[in-house]
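J.: Below is one structure. I have some questions about it.
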Amino acid sequence: MFNIFNKKPKLPDYSFLGIDLHSHLLPGIDDGARSVGHSLALIEMLQKMGFHTLITTPHIMAEMYVNTPEIIREKQQEMQAALQQKGLEINLYAAAEYLMDEGFGNKIEDGKLLTLPGNRVLVEMSFFAAPPMLEDYLFRLQTRGYHPVLAHPERYLFLKGDMDKYKELKLRGCEFQLNLLSLGGYYGKPTRESAFQLLEAGLADFLATDLHHEGQAERLQEMLREKQVAKALWKREFRNGELR
C-alpha cells in the first residue's frame with residue numbers, strides 16, 4: 001500500500017478499505033445528495049478513489065429527517081436503476097444513521113432498524129452531550145441482537161481526551177467508526193486530535209467517508225497526498241472488509 005522508501009509516503013487510493021459504510025448519497029431525503037444527478041456524481045467520485053461497495057446511511061432523526069425503511073429502500077432502488085442506466089458498476093446498499101434521540105427507543109422496539117452487515121446499527125449522538133438514555137439504548141439494542149456502531153466518536157467534543165469513557169463505550173459493546181475527513185482536519189483541530197488519539201489507542205474499528213457533497217469528496221482526494229494521514233494509517237487494520 002505504501003512505499004516505505006519514499007520520504008513522502010502517500011496513499012494511492014482508498015482501496016485498502018474498499019467498503020464505505022457511512023455516507024449520505026440518496027437524493028433529497030437528508031442533508032446529503034440533492035438530486036439523482038448529484039448522487040451519481042458523488043458515487044462516481046468515490047469509485048475513482050477506490051471504493052467498490054457503498055453502504056449509504058441516511059439520517060433518521062425525530063422531526064428533522066423522519067425517514068422510514070420504506071422511504072430509504074425506495075430511494076436505493078431509484079439510485080440502483082440510475083447507476084445501471086449510467087453504466088456505473090459499483091455495489092450500492094442502504095442502512096441508516098440513527099440519532100439516539102427521544103424517538104429511538106420506539107424504533108428499537110419496532111425491530112425494523114436498517115442495519116449494516118452483521119446486524120450492526122449505525123448510531124450517533126448530539127455533538128454537545130450524551131443522550132440521557134445512552135446506556136439503556138445500548139443495552140436494549142444488544143438484548144435484541146443488534147450490534148451498535150458509534151458514528152464519528154472523535155466528533156463528540158464532550159468526550160475529548162476522556163479515553164476512559166471511550167473505553168467504557170467499547171466495553172459496553174460499541175464498535176467505533178471514524179470519519180476519514182477528521183484525519184484531514186476537515187472538522188477542525190480538536191476533532192483531528194481526537195481522531196489521531198483514537199487511532200493510536202487502537203480503538204477505531206471502521207473508517208468511512210460520511211460523504212455529503214463534492215467539497216468533502218475533493219478534500220478526501222487531497223488527503224491521499226498528505227504524509228501525516230498516510231503515516232497514521234500505515235500498517236493499521238480496519239474491519240471494513242467484514243461488511244460483505
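The values are calculated or read from the model by the stated rules, or taken from the named source; none is laboratory data. A quick note: this is a predicted structure, and the numbers were derived from the prediction, not measured. Cβ atoms come from the backbone with ideal geometry, glycine included; neighbour counts cover every protein chain shown.
J.: Could you please find all residues in the stretch 12-31 being under 17 Å from ALA82 (Cα atoms), out of contact with any helix residue (DSSP H, G or I) (no Cβ under 7 Å at 6 or more places or on another chain) and in contact (Cβ under 8 Å) with a residue 60 or more places away in the chain?
T.: Scanning the stretch 12-31 gives a single hit, HIS24.
J.: What are the residues in the stretch 107-118 that are loosely packed, with under 13 Cβ neighbours inside 10 Å and of a type in the set (D, E, K, R), if any?
T.: GLU109, ASP110, LYS112 - these are the residues of the stretch 107-118 that are loosely packed, with under 13 Cβ neighbours inside 10 Å and of a type in the set (D, E, K, R).
J.: Also: Cβ contacts < 7 Å: first residue small (Gly, Ala, Ser), restricted to the stretch 216-244; second residue in a loop (DSSP other than H, G, I, E, B) and at pLDDT 95 or above, any location; separation 6+ or different chain. Result?
T.: Filtered contacts from the stretch 216-244: GLY241/GLY18.
J.: Scan (1) in a helix (DSSP H, G or I); (2) surrounded by 12 or more Cβ atoms within 10 Å (Cβ to Cβ); (3) of a type outside the set (Val, Ile, Thr) for the single condition ARG236 breaks and write down its number.
T.: It fails just one condition, (1).
J.: Next up: Filtering the stretch 26-42 down to residues that are surrounded by fewer than 17 Cβ atoms within 10 Å (Cβ to Cβ) and not polar (S, T, N, Q), which residue is nearest to LEU211 (Cα to Cα)?
T.: If we take residues in the stretch 26-42 being surrounded by fewer than 17 Cβ atoms within 10 Å (Cβ to Cβ) and not polar (S, T, N, Q), then ASP31 is nearest to LEU211 (Cα to Cα).
J.: Consider VAL66 against the criteria (1) surrounded by 19 or more Cβ atoms within 10 Å (Cβ to Cβ); (2) over 19 Å from VAL36 (Cβ atoms): it satisfies all of them except one. Which criterion is unmet?
T.: Single failed check for VAL66: (1).
J.: Which members of the stretch 104-146 meet the condition of being over 20 Å from ASP210 (Cα atoms), in contact with a helix residue (DSSP H, G or I) (Cβ under 9 Å, 6 or more places away or on another chain) and among the acidic types (Asp, Glu)?
T.: GLU109, ASP136
J.: Looking only at residues in the stretch 77-106 that are acidic (Asp, Glu) and surrounded by fewer than 20 Cβ atoms within 10 Å (Cβ to Cβ), which one is farthest from SER35 (Cα to Cα)?
T.: GLU102
J.: Considering the stretch 43-63 alone, what residues qualify as being part of a loop (DSSP other than H, G, I, E, B) and surrounded by 14 or more Cβ atoms within 10 Å (Cβ to Cβ)?
T.: MET49, GLY50, PHE51, HIS52, THR57, PRO58
J.: Can you tell me which of (1) touching a His at 6+ places or on another chain (Cβ under 9 Å); (2) among the β-branched types (Val, Ile, Thr); (3) over 16 Å from LEU159 (Cβ atoms) is the one THR191 doesn't meet?
T.: The one condition THR191 does not meet is (3).
J.: Given the structure, is GLY202 modelled with pLDDT of 95 or more, part of a loop (DSSP other than H, G, I, E, B), over 17 Å from the mean Cα position of the chain (by Cα) and among the small types (Gly, Ala, Ser)?
T.: Against the criterion (modelled with pLDDT of 95 or more, part of a loop (DSSP other than H, G, I, E, B), over 17 Å from the mean Cα position of the chain (by Cα) and among the small types (Gly, Ala, Ser)), GLY202 qualifies.
J.: Same structure, new question: Check whether at least one residue in the stretch 7-19 is over 16 Å from ALA208 (Cα atoms), under 19 Å from the mean Cα position of the chain (by Cα) and modelled with pLDDT of 95 or more, and report yes or no.
T.: Scanning the stretch 7-19, I find no residue that is over 16 Å from ALA208 (Cα atoms), under 19 Å from the mean Cα position of the chain (by Cα) and modelled with pLDDT of 95 or more, so the answer is no.
J.: Kindly indicate the residue of the stretch 122-147 that is surrounded by fewer than 15 Cβ atoms within 10 Å (Cβ to Cβ) and of a type in the set (Ser, Thr, Tyr) and also nearest to ASP110 (Cα to Cα) among those meeting that condition.
T.: The residue in question is THR143.
J.: Going through the stretch 196-215 one residue at a time, which ones are surrounded by 22 or more Cβ atoms within 10 Å (Cβ to Cβ) and farther than 14 Å from ARG236 by Cα?
T.: Matches in the stretch 196-215: ALA208, THR209, ASP210, LEU211.
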